[in-house]
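Engineer: Quick one: the structure is below, and I'll ask about it shortly.
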2 protein chains.
Amino acid sequence: MAHVNEDYLKLPGSYLFSEIARRVTQFKIENPQADIIKLGIGDVTRPLPQAVVEAMKGAVEEMGRQETFRGYGPEQGYDFLIKKIIENDFLPRGVELALDEVFVSDGAKTDTGNFQELFAQDNILAVSDPVYPVYVDSNVMAGRTGPVNQNKQFDKIVYLPCTEENGMKPPLPQTRVDMIYLCFPNNPTGMTLSKEELKKWVDYAKENRSIILFDAAYEAFIREEGVPHSIFEIEGAREVAVEFRSFSKTAGFTGTRCAYTIVPKEVKAYDAKGKAYSLNPLWLRRQTTKFNGVSYPVQVGAAAVFSPEGQKQIKEIINYYMENARIIREGLKNAGYQVFGGINAPYIWLKTPGNMGSWEFFDKLMKEANVIGTPGAGFGAGGEGYFRLTAFGTRENTEKAIERIRTKL
Amino acid sequence: MAHVNEDYLKLPGSYLFSEIARRVTQFKIENPQADIIKLGIGDVTRPLPQAVVEAMKGAVEEMGRQETFRGYGPEQGYDFLIKKIIENDFLPRGVELALDEVFVSDGAKTDTGNFQELFAQDNILAVSDPVYPVYVDSNVMAGRTGPVNQNKQFDKIVYLPCTEENGMKPPLPQTRVDMIYLCFPNNPTGMTLSKEELKKWVDYAKENRSIILFDAAYEAFIREEGVPHSIFEIEGAREVAVEFRSFSKTAGFTGTRCAYTIVPKEVKAYDAKGKAYSLNPLWLRRQTTKFNGVSYPVQVGAAAVFSPEGQKQIKEIINYYMENARIIREGLKNAGYQVFGGINAPYIWLKTPGNMGSWEFFDKLMKEANVIGTPGAGFGAGGEGYFRLTAFGTRENTEKAIERIRTKL
């Protein structure tokens, strides 16, 4: 008799964004004339940069000719892309990487979800609260989290509360943890850490031989000086951290799919006897066994992001979104809301008025302003009473949404 | 202290095709002038069909325009592709599927590797021997297989020997198994099962409440009548089977990446109390949590495979490869080799001459004929003494390789 993985049965009923989609669909059925503006799911709206479009079309044509056709590529990505990633995203910040420390993949969600496979089931993980749900859910599926308790939290996870008091910056854990998920610029709060603040985490990890799983999917939105773009800007991080990056938000690849993960050769995990194993060859083994690489035309498109035209075009896109972020942030502040983020990140995290529950605020905003956001509670217990808006909408919709929030709520 | 997943340490040193690549690279360094012909890895050589190229270029252009840009798609694939899959690949064979029973993905390797996540660790798995290594390796990583024994097999796996005596058709297991991996047309042997033979497996699975993980990645190469293309042609299979399909070999997508998996709603696994859980919503939960869907232009390309021109073009490609298969099969037979497969599959499985070890034959073939194949032992202990050649080369190389084998060995 085939036994089901009972850890899957511990998962909350549905993934956050599916629940939002369900409510929106229901509302649309009941209000077919409503002019709904979606600032909920972090999906981009600007088209692919023309440099990417042209490069991808060329690559598709290559695939149609006998002489230039390409079959299986390296599972970890083509060198032509990996070289550009290193030269553009890391070397200018003083971070040196070997070609085989960069693993190209089809998404940061995929990689942040899968990377935990390299760890034993008995590792204790720490996540900030609120948190991007994938870190938690993928570990629940792997049986690493224990059962849900009455706070709707998992027994074996160490939650690091991000609150008004600590400026939405997770405190170091009180008890020993082995795997630490950090996301900066943060999803959902939009906040960042300074180099000094991030260094505390690297030092903690070194002292405790923990691993930091650093999600830097939003680094391109950092505008202020002194905010680290990569954890590898911090001394010692190569020994304790892996980093996840993505083209999704940077270059409009949410529907095109390309990302990459940095696994320095020094990062190690330990067997029961304390013997150290480098994670780099284990991740290579994982990827060569369960993955076949990213579509060749997509990798060519991603490489074009680093061309001079590509860089110019994505800069315009990022400026566009960050102007949206400013509009949301300032509009809400002027309307009396307490807001976080939106300066170095495309997310604005707001406190719901009058201590309203965040799903309640979701429904109110949908019904009264026809604006869709993301309830903070969807990111964990610590998100209750907060709400996330994204800067990825069109300018027109962003302005309209803020106007409606100011006038209709 | 971060603990490593020690199950990873049980894996053989390197994935089969990486080891082959290593030996070939070494040989090339030592023999830079050698004219090497690769009939080893099952990678295609014909370019993408023009119908696919044109469709993909159009989709890339859509992604570059504001009005037609697409961000995140449904994780399980777009309906436009799923509808075409059902209408073309299943309905004509009398198999009805709902839209939400088809999950589009980036590869059959990915899906066959990941699907085991839905099962508890205590399930016993059966694989044919020889076997496509991913079924075994992904279960080793998940801790389901126990340690390696002196036969280089995993203690808890039930191996089903495919031998000359049983015509390379796996016998039903002698002891109870819960998860059964079947691949037909088979990789590596190239053999198929008749409907009656496959029905025995479906009946076994129903009787034992086991799950059949049916890999049909090579179904497009079936030329004979009466050979099932889908396990769902067999009565009762909807209750016990999932099926993996791919565009890789059918339409030249090894570098473009698109596949799909069928999970009927009736397929169930059980918790410790015997309560049944449908695998379909669990797989949806897995995919929505750890995957973000296939690149939109790639899905448009896959849909174009089903257009009248696309169908005509892939038929030509498949005919081309199957003529290669005939040339290899007959050439080897005429040269006195004992061969299997190559009639309904792009793989030819040959017995090494004089009971030579299969890695020994690999080296001999590489050195004396400059032809690269795949050692049978790479597919498990039962593959020792056998060797796989693929029909995916060019016509010229295929003819030259057979000529060299006939004259130089």
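Engineer: Count, please, the residues in region A:250-265 that happen to be within 10 Å of chain B (Cβ to nearest Cβ) and touching a Phe, Trp or Tyr at 6+ places or on another chain (Cβ under 6 Å).
Structural biologist: Count: 4.
Engineer: Still on this model: Across region A:352-393, what is the number of residues that are surrounded by fewer than 19 Cβ atoms within 10 Å (Cβ to Cβ), modelled with pLDDT of 95 or more and of a type in the set (A, V, I, L, M)?
Structural biologist: The number of residues fulfilling the criteria is 1.
Engineer: Taking region A:99-124 only, how many residues are farther than 21 Å from B:GLU75 by Cβ, of a type outside the set (Gly, Ala, Ser) and at the interface with another protein chain (Cβ under 10 Å from one of its Cβ atoms)?
Structural biologist: Qualifying residue count for the region: 6.
Engineer: Return the residues of region A:135-161 that are within 11 Å of chain B (Cβ to nearest Cβ), among the aliphatic types (A, V, I, L, M) and in contact with a Lys or Arg (Cβ under 9 Å, 6 or more places away or on another chain); say none if nothing qualifies.
Structural biologist: A:VAL140, A:MET141
Engineer: What are the pairs, 6+ residues apart or on separate chains, where a residue within region B:15-41 that is within 13 Å of chain A (Cβ to nearest Cβ) and in contact (Cβ under 8 Å) with a residue 40 or more places away in the chain has its Cβ under 8 Å from a residue that is surrounded by 11 or more Cβ atoms within 10 Å (Cβ to Cβ) and of a type in the set (Asp, Glu)?
Structural biologist: Note: pairs meeting the criteria are B:TYR15/B:ASP137.
Engineer: Among the numbered criteria (1) touching a Pro at 6+ places or on another chain (Cβ under 8 Å); (2) not assigned by TED's automatic domain parsing to the domain that holds A:ARG93, which one does A:LYS315 miss?
Structural biologist: Evaluating A:LYS315 over (1) touching a Pro at 6+ places or on another chain (Cβ under 8 Å); (2) not assigned by TED's automatic domain parsing to the domain that holds A:ARG93 leaves (1) as the failure.
Engineer: Suppose the filter is farther than 18 Å from B:PHE291 by Cβ, facing another protein chain (nearest Cβ under 10 Å) and over 19 Å from the mean Cα position of the chain (by Cα); does B:GLY94 pass it?
Structural biologist: Criteria not met by B:GLY94.
Engineer: Step by step: first the residues of region B:73-90, then only those that are in a helix (DSSP H, G or I) and under 25 Å from A:VAL53 (Cα atoms), then the one that is nearest to the chain's Cα centre (by Cα). Which residue is that?
Structural biologist: That would be B:LEU81.
Engineer: Which one of these does B:ALA51 not meet: (1) in a helix (DSSP H, G or I); (2) farther than 28 Å from B:LYS152 by Cα; (3) more than 11 Å from every other protein chain (Cβ to nearest Cβ); (4) hydrophobic (A, V, I, L, M, F, W, C)?
Structural biologist: Here B:ALA51 clears every test but (3).
Engineer: Looking only at region A:54-72, count every residue that is assigned to a helix (DSSP H, G or I) and charged (D, E, K, R) and tell me the total.
Structural biologist: The total comes to 4.
Engineer: Inspect all residues belonging to region A:226-236 and state whether any of them is surrounded by fewer than 24 Cβ atoms within 10 Å (Cβ to Cβ) and either more than 19 Å from A:GLY94 (Cβ to Cβ) or within 14 Å of chain B (Cβ to nearest Cβ) (or both).
Structural biologist: The answer is no, given that none of the residues of region A:226-236 is surrounded by fewer than 24 Cβ atoms within 10 Å (Cβ to Cβ) and either more than 19 Å from A:GLY94 (Cβ to Cβ) or within 14 Å of chain B (Cβ to nearest Cβ) (or both).
Engineer: Looking at B:TYR72, B:TYR132, which is the one that is at the interface with another protein chain (Cβ under 9 Å from one of its Cβ atoms), on the phi < 0 side of the Ramachandran plot and hydroxyl-bearing (Ser, Thr, Tyr)?
Structural biologist: None of the other options fit; the residue is B:TYR72.
Engineer: Of the numbered conditions (1) surrounded by 14 or more Cβ atoms within 10 Å (Cβ to Cβ); (2) in a helix (DSSP H, G or I), A:THR25 fails exactly one; give the number of that condition.
Structural biologist: Only one criterion in (1) surrounded by 14 or more Cβ atoms within 10 Å (Cβ to Cβ); (2) in a helix (DSSP H, G or I) is unmet by A:THR25, namely (1).
Engineer: State whether the residues of region A:339-356 include one that is more than 21 Å from the chain's Cα centre (by Cα), part of a loop (DSSP other than H, G, I, E, B), under 21 Å from A:MET168 (Cβ atoms) and of a type outside the set (Val, Ile, Thr).
Structural biologist: The answer is yes; a qualifying residue exists.
Engineer: Looking at region A:273-336, what helices (runs of 4 or more DSSP H) fall wholly within it and have at least 1 residues that are small (Gly, Ala, Ser), facing another protein chain (nearest Cβ under 10 Å) and in contact (Cβ under 8 Å) with a residue 40 or more places away in the chain?
Structural biologist: A:296-304
Engineer: Six or more apart or on different chains, Cβ atoms under 6 Å: show the pairs whose first residue is in region B:71-88 and within 21 Å of A:ARG46 (Cβ to Cβ) and whose second is β-branched (Val, Ile, Thr).
Structural biologist: Final answer for the pair search is B:GLY71/A:VAL44; B:GLY71/A:THR254; B:TYR72/A:THR254.
The values are calculated or read from the model by the stated rules, or taken from the named source; none is laboratory data. For clarity, every value in this text was computed on a predicted model and none was experimentally measured. Glycine also receives a Cβ, built like all others from the backbone with ideal geometry; neighbour counts cover every protein chain displayed.
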